[in-house]
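The values are calculated or read from the model by the stated rules, or taken from the named source; none is laboratory data. Values in this document were obtained by computation on a predicted structure and should not be read as measured data. All Cβ positions, glycine included, derive from the backbone under ideal geometry; neighbour counts span all protein chains shown.
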Amino acid sequence: MQTVTEQKVERTTIEYVAYSRLIRSPLNVRKKAPTGIEALAGTLAEKGILQNLVGHEMKGRRKQPKLGVCAGQRRLAALDLLFSQGRITKDYQVPVLIVSEGEAVAASLIENREREDMCLADEALAFRLLAEEGKSTGHIASLFKVSEMVVRRALKIANLAPALLDLMRDDALDYEQAKVLALADDHATQERVWNDALNAWQRRPSELRAAITQTELDARDNALAKFVGLDAYEAAGGYVRRDLFSDDQNAGYIADPDLLHRLATDRLIELSRAISEEGWQFVETRTRGDVMEMMRYGRLASTTRTPTKQEKTELAALVAARDAAQAELDAYYDEDGEEDEARYERLDAAVTAAAHAVDRYGERFESFGADDMKRAGAFVYLDEDGQVNIERGLIRRDDAPPAPGDGARAVNATAGQSQPPKDKPLHGEKLCRRLTAHRTAAVQAELIRQPNAALAVLMVRLIPVVFDEVYERQYSDHAVRIDVHTSRDALVSNADDMAASVAWKALEGERAKWARMLPKRTDQLLAWLLEQDADVTSNLFAFCVAATLDGISGADRAHPINELANVLNVDLATYWQPTQASYFEHVSKARIEDVVREAVSPEAAADLRGMKKDAAAAAAGLRLSESGWLPEVLRNREVPEHRIHGYNDEEADEGGGDTGDEADADVTGEATEDEAEPI
């Protein structure tokens, strides 16, 4: 039995009939109200009806019966609109294929169900033909009721090589890949990049983009481009490879990095001259801030004046704008549904700009003594968002000699005995310290958000000391140093890439916030703390406890900081990514291949065999940068065993436990090793 769509619809000659004879047929299977009628009406008014309607005679006593339109409902609605606007008359001639009433349902279903959307490649070429006829992008956009950006993007797709357009028609090249290939203006480059991508992973949009723009800078992620601006760069003669498929106004690729750097440097030098006029001994400029360099300088004590009434009002307005921007970003985080990357970037940029405006305004309340300024200086540099930062009151000083190691490892009583050879560890001491520094920063970043957890962490450290009669002869290693040592210097000294990490930026952002709020003199601290609300002191407490965490270790082993990481559910993949700089350049080529084999595939690892180590490290970094893979050091969440040395009264009554001499020997042995390297 044939289905309705398989029934043969008898075709008769298409007739031109007056518009006044046409009405909507009750046999039209599409019941949903049509959309886009105004745009279609504009097209019909300019181009006429290019595709006939399908109708059947309606039953009635009229000499000339009405025709019920069973296929072409949108076109009929557009004609109705044109008639109501007086743009056509009742006798306007409309092409109609007339079928029998029995065939009307079949004709309607075939019209609506078997229609095929136009291929994107063909649609783009059609737009180009209109442009070649002399039609402007604005005219084409108004004709089809779309934005001019949609037309420009279609014309960009139409500029693809004919062979690539054929691949689009055959669904061998998708739209996302086509958008990236369209970044190249010449067909030869487009085809070369596509044909060189032999493996499936190489044809990912991100890989194709990297192949086209390998010597160029992405303006969206480049601080210098944000600082200089694409307009200024182009005005100076620079070329930008525009990305028309991004809504970001800074979307594009800088072809002349040297020119961009020169423009940025010239602007920074101009800004530094104004700072120099304030009376500083020296003013340094940097196109990128260096945390390690800043930490080598001392700091002048400053005074903070009380703002005027007008300044308070202006500052309050800036703070309100910052809070509103943050609230909008928080609302985005709370929404359900798919992520909108463009919207997120816009909201995040607004928060950054608003916070920067508050910080810049607050700088006017800080002042330094004129005599002090003659022996100090300032740094003018750019942050990762291209914002100008000015650090005043820096004092040059010689690097302090390293303090004598108070944790020198004691000689073990068994040191003279022959030891069996140890297997070479998978990661050396230096790399372990580098990776565990990132682990420490990640746990710190999580802990500062949970004051209750920070309180518990400190209490776990305090209670056994205060109630020593309860916990005597028990020993547990801890991540918190109760004598209050911060691990900030150790983090950056053990991991030279720490400044670029997510955790470090969060920690430094919090540090800067509290530094602005705290009084400048220690004798004012107690009174200030007593005046604060509970939420202020609890959050400050959490930050201070987090700053004491020290989880840096020279070996991959159980560590007490893992207990915190487990309790806080820290996802280290959020804070650390495997890249060439962060991991692969620090391990052997064989290890690189092993990691790629584990995280990607044996085929991907095989591709690395013919490469030199640097090239293999770079390739591995590209393939794994967003994979979530972690080295064994960071995957290890093992917690040291909590030992109870000796025995308590209950165990003595039961006759269990070791002898006193054995217990004391165990305590001595454990304490010697762990106290030598506090962690």
query = Quick one: I269 ticks every box in (1) farther than 30 Å from G237 by Cα; (2) out of contact with any Gly (no Cβ under 6 Å at 6 or more places or on another chain) bar one, so which box is it?
reply = (1)
query = Any idea how many residues of the range 368-395 are touching a His at 6+ places or on another chain (Cβ under 9 Å) and among the charged types (D, E, K, R)?
reply = 2
request  = For the range 313-323, state whether one or more residues are assigned to a loop (DSSP other than H, G, I, E, B) and surrounded by 15 or more Cβ atoms within 10 Å (Cβ to Cβ).
outcome  = no
query = Looking at this structure, is L572 modelled with pLDDT of 85 or more and in contact with a helix residue (DSSP H, G or I) (Cβ under 6 Å, 6 or more places away or on another chain)?
reply = yes
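Conditions (1) assigned by TED's automatic domain parsing to the domain that holds D340; (2) surrounded by 16 or more Cβ atoms within 10 Å (Cβ to Cβ); (3) part of a loop (DSSP other than H, G, I, E, B), marked per residue:
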| site | (1), (2), (3) |
| --- | --- |
| D221 | no, no, yes |
| L268 | yes, yes, no |
| S272 | yes, yes, no |
| G279 | yes, no, yes |
| T285 | yes, yes, no |
| G289 | yes, yes, yes |
query = Got at least one residue in the range 567-579 being more than 30 Å from L431 (Cα to Cα) and aromatic (F, W, Y)?
reply = no
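For every residue, the table says whether it meets (1) within 30 Å of L329 (Cα to Cα); (2) modelled with pLDDT under 80; (3) in a loop (DSSP other than H, G, I, E, B); (4) over 39 Å from the mean Cα position of the chain (by Cα).
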{"site": "E363", "(1), (2), (3), (4)": "yes, yes, no, no"}
{"site": "G386", "(1), (2), (3), (4)": "yes, no, yes, no"}
{"site": "D423", "(1), (2), (3), (4)": "no, yes, yes, yes"}
{"site": "T440", "(1), (2), (3), (4)": "yes, no, no, no"}
Identity of the residue in the range 546-581, β-branched (V, I, T) and under 28 Å from the mean Cα position of the chain (by Cα), that ends up surrounded by the most Cβ atoms within 10 Å (Cβ to Cβ) = I561
remark   = For the range 626-635 the number of residues that are out of contact with any Cys (no Cβ under 8 Å at 6 or more places or on another chain) and either loosely packed, with under 15 Cβ neighbours inside 10 Å or in a helix (DSSP H, G or I) (or both) is 6
query = Within the group K135, K66, K47, which residue is modelled with pLDDT of 85 or more and either among the β-branched types (V, I, T) or over 28 Å from D170 (Cα atoms) (or both)?
reply = K66
message = Within the range 294-306, does at least one residue satisfy the condition of being of a type outside the set (V, I, T), assigned to a helix (DSSP H, G or I), at pLDDT below 80 and surrounded by 13 or more Cβ atoms within 10 Å (Cβ to Cβ)?
response = yes
task = State whether the residues of the range 74-93 include one that is among the acidic types (D, E), over 12 Å from Y19 (Cα atoms) and exposed (fewer than 15 other Cβ atoms within 10 Å of the Cβ).
result = no
request  = Would you check if S206 is under 20 Å from T43 (Cα atoms), loosely packed, with under 15 Cβ neighbours inside 10 Å and of a type in the set (S, T, Y)?
outcome  = no
task = Go through the range 511-588 and tell me which helices (runs of 4 or more DSSP H), entirely inside it, have 2 or more residues that are small (G, A, S) and in contact (Cβ under 8 Å) with a residue 24 or more places away in the chain.
result = 534-548
task = State all residues of the range 587-612 that are among the small types (G, A, S) and under 28 Å from the mean Cα position of the chain (by Cα); if no residue qualifies, say none.
result = A599, S601, A604, A605
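Residue-wise test of (1) outside the structural domain of A39 (by TED's automatic domain parsing); (2) surrounded by 18 or more Cβ atoms within 10 Å (Cβ to Cβ); (3) over 23 Å from A188 (Cβ atoms); (4) touching a Gly at 6+ places or on another chain (Cβ under 6 Å).
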site	(1), (2), (3), (4)
D122	yes, no, yes, no
F127	yes, yes, yes, no
K135	yes, no, yes, no
M149	yes, no, yes, no
A154	yes, yes, no, no
I157	yes, yes, no, no
D166	yes, no, no, no
R169	yes, no, no, no
request  = Select from the range 485-500 the residues that are over 19 Å from P578 (Cα atoms) and surrounded by fewer than 18 Cβ atoms within 10 Å (Cβ to Cβ) and write down the one among them that is farthest from the chain's Cα centre (by Cα).
outcome  = H485
message = Quick test of your reading of the structure: F584 fulfils all but one of (1) under 27 Å from the mean Cα position of the chain (by Cα); (2) in the same structural domain as L447 (by TED's automatic domain parsing); (3) aromatic (F, W, Y). Name the failing condition by number.
response = (2)
